[in-house]
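Below is one structure, written out as structure tokens; the observations come after it.
The values are calculated or read from the model by the stated rules, or taken from the named source; none is laboratory data. Values in this document were obtained by computation on a predicted structure and should not be read as measured data. Every residue, glycine as well, gets a Cβ built from its backbone with ideal geometry; the counts of neighbours run over all protein chains shown.
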2 protein chains.
Amino acid sequence: MTLSPLAPAGFPDLPTIDGVRFAAVAAGVRYKGRTDVMLVELAEGSVVAGVFTRSSTRSAPVLDCETKIKFGGEGRAAFLVNSGNSNAFTGSAGDTSVAAIVAAVSDATGVENHRVFTSSTGVIGEPLPHDRITVKLADLNSALDADGIEGAAQAIMTTDTFAKGSGRTVTIDGRPVRIAGIAKGSGMIAPDMATMLVYIFTDAVISQSALQSLLGTLTDQTFNCITVDSDTSTSDTLLMGATGASGVDVGESAAFAQALHDVMLDLAHLVVRDGEGATKFVEVRVSGAATDADARKVGLAIANSPLVKTAIAGEDPNWGRIVMAVGKSGAQANRDKLTIRFGDIVVAENGWVSPDYAEKAGADYMKQQDLCISVDMGLAGGMATVWTCDLTHGYIQINADYRS
Amino acid sequence: MTLSPLAPAGFPDLPTIDGVRFAAVAAGVRYKGRTDVMLVELAEGSVVAGVFTRSSTRSAPVLDCETKIKFGGEGRAAFLVNSGNSNAFTGSAGDTSVAAIVAAVSDATGVENHRVFTSSTGVIGEPLPHDRITVKLADLNSALDADGIEGAAQAIMTTDTFAKGSGRTVTIDGRPVRIAGIAKGSGMIAPDMATMLVYIFTDAVISQSALQSLLGTLTDQTFNCITVDSDTSTSDTLLMGATGASGVDVGESAAFAQALHDVMLDLAHLVVRDGEGATKFVEVRVSGAATDADARKVGLAIANSPLVKTAIAGEDPNWGRIVMAVGKSGAQANRDKLTIRFGDIVVAENGWVSPDYAEKAGADYMKQQDLCISVDMGLAGGMATVWTCDLTHGYIQINADYRS
């Protein structure tokens, strides 16, 4: 797997979160010669919140996590994640695998069963060889390390070409509060919840219900605004644990919410930057729509259009395809009020190509790696921004022989 | 442009429709060295019905046709179609071009302005050099020929790799009634009306309102059930002319409706078989859904999924991606009641891979050119069938440099 041309320089230095420890191991679930299982342990006094895929065929681990999140509570907790096999559409054997892994984690760590959250990512519909995981639990438990987050991020990768992390330290009431998150995901990324795996940790003091509510709101502004291929996974999971170790209550803090938003948006962008076969990172800004919901419809119609995405891959300033996507979005639109921009270049307005637009300027702009396409609908104040990547030969290559 | 591997052996022998004449010419609208404009003349006593794209950015010729269809009426009529430029998103100049072409057709043929229907297909957002068309009208008019339908079908092609035609002769009250149709379309094909250009002719006697109503119903069962890339064109047009020359009234005839349905389904399938880069023709049959609408949602979610379509391109019997697509469709679904088949092979049932399923059987099946994927939802009686093709390197190639 070649590194994505849109990858950042390296894995960032993340703040250490007091009360959180990580371990990773090579269990050979599917892949050879790499780590594929991570264990995270959260200290006494932790709360856990989660957001999950809405797929009606979601996996056994997702269903198990949903139940446990609803149960709420506070105390020690553990996350166990494997890559290579998603344990989705695996019938009652899927539940058996989850139960076996949860029991093994509980045995090894002493965390109660109902505080053990598991995720699985990879191929759908094949039995999970959970024995390969459970046999490694003792090793994982003894390897737990407060500085092991990068190794954990590597272990959860599937078709990802780089490990994804983001962190912030924010000062509240004069004291530091830390947030660190990791994510995996490069295909099946569409905005119906994260469509990826994301784990975020903080030492903030916050109630489970406040964290759950904040996480839902911020997911809509971040992970639900990205799309790679419009497909939605059966396994997507965002889990966040707060240990409270900082002693700083962030329940009403706008600064904390902003910092968490930024970490989530960073991770969402990194997932797009690792989109299968991606060579361009594209921001689609829609303004002037009848409503915010309409703006989002237009943004996603553009961001998901195979014709728009192949034009971007070909560095073709094909604004006609943007018009096509606006037209098919189902949003209220008046052809003659649209303004379309590539970066700062006004390409089309008043239902026609702009008199000042020079094709060469558009073509030069499209050669950049990071692009911004703006559409002003000219109707009212509805706005939305979504992010996507281009559609290339690389996407076909990766997905035409993923299983073989 | 290489011929699609899914192309039929050749253009079919179509029945001659009394009262309809065709001509084609090379006007150089955009392409060199090929015909790019067709003229069709319908004799005295003809009625014309039409169905159009629902895009909110639809083209000037589409808007003009819609108005004229609503006006109704009976008498001589003409269709003028150019390829290479869609005259879409061309502001008020788009209307000027339509008016100029309509006037030139009227001058040359003597057909009244409000009975002249035009279509344009090709690049969006560039001014249509309509002078290149109007200057050819006298030539076109003198070339009109009852047997010119294949030449007309060739002139309307854009990225199509073969001309598309279908016909039927049906006996009603002991007398023959003939139907012949042509179509173009290989990209931007998604089920929101035809997303292509289709022209159908018959010598049946039928009122304009009956024909209009029949055409709408049959479009939902044919052109609205195919998808290539989920994108919707700004120009899509289905026009049908009935000359009445057979003298056979088909107003209530089920046999006529069935024959017209078959012509429309043939043309819809030919469009899929010429899908950009297509190497597989795929029927997706959904049964047992809560409602027909739910079945359609599931069928389209499968048929539009980039992950399903790339797996098919790779001849990978990846039924896990079918489960993913069912899950994201938004239709009511119970994972454990799904039955998935590739052809007659039961792949998955009861929420798990079928105990009798052998991966080799699935892999062998996927090597065929024509595939059928069936999903039984196991819930109720809702059914739908949709058709699509695979997503290949060819699609990327064609669309990453269409304009250049």
Single residue of the range B:28-65 satisfying the filter (at pLDDT 95 or above and among the charged types (D, E, K, R)) that is farthest from B:VAL116 (Cα to Cα): B:ARG34
Residue count for the range A:338-375, restricted to those that are in contact with a helix residue (DSSP H, G or I) (Cβ under 8 Å, 6 or more places away or on another chain) and of a type outside the set (A, V, I, L, M, F, W, C): 4
Leading residue by the ranking (nearest to A:GLU126 (Cα to Cα)) among those in the range A:30-53 that are among the polar types (S, T, N, Q) and more than 14 Å from chain B (Cβ to nearest Cβ): A:THR35
Residues (among the small types (Gly, Ala, Ser), out of contact with any helix residue (DSSP H, G or I) (no Cβ under 6 Å at 6 or more places or on another chain) and at pLDDT 95 or above) located in the range A:264-292: A:SER287, A:GLY288, A:ALA290
Of all residues making up the range B:64-94, the number that are within 10 Å of chain A (Cβ to nearest Cβ) and out of contact with any Phe, Trp or Tyr (no Cβ under 9 Å at 6 or more places or on another chain): 2
Leading residue by the ranking (nearest to A:ALA311 (Cα to Cα)) among those in the range B:103-162 that are among the acidic types (Asp, Glu) and without any contact (Cβ under 8 Å) to a residue 60 or more places away in the chain: B:GLU126
Filtered residue count, the range A:14-38, keeping only those that are within 24 Å of A:THR161 (Cβ to Cβ) and in contact (Cβ under 8 Å) with a residue 12 or more places away in the chain: 15
Yes/no for B:SER56 being without any contact (Cβ under 8 Å) to a residue 60 or more places away in the chain, over 19 Å from the mean Cα position of the chain (by Cα), part of a loop (DSSP other than H, G, I, E, B) and within 14 Å of chain A (Cβ to nearest Cβ): yes
Selection count, the range A:272-311, where residues are of a type in the set (A, V, I, L, M, F, W, C) and assigned to a helix (DSSP H, G or I): 11
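Table: residues versus (1) surrounded by fewer than 23 Cβ atoms within 10 Å (Cβ to Cβ); (2) touching a helix residue (DSSP H, G or I) at 6+ places or on another chain (Cβ under 6 Å); (3) within 14 Å of another protein chain (Cβ to nearest Cβ).
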| position | (1), (2), (3) |
| --- | --- |
| A:SER106 | yes, yes, no |
| A:GLY110 | yes, no, no |
| A:ASN113 | yes, yes, no |
| A:ILE133 | no, yes, no |
| A:LYS136 | no, no, no |
| A:ASP139 | yes, no, no |
Selection status of A:ALA78, among the hydrophobic types (A, V, I, L, M, F, W, C), in contact with a strand residue (DSSP E or B) (Cβ under 8 Å, 6 or more places away or on another chain) and surrounded by 16 or more Cβ atoms within 10 Å (Cβ to Cβ): yes
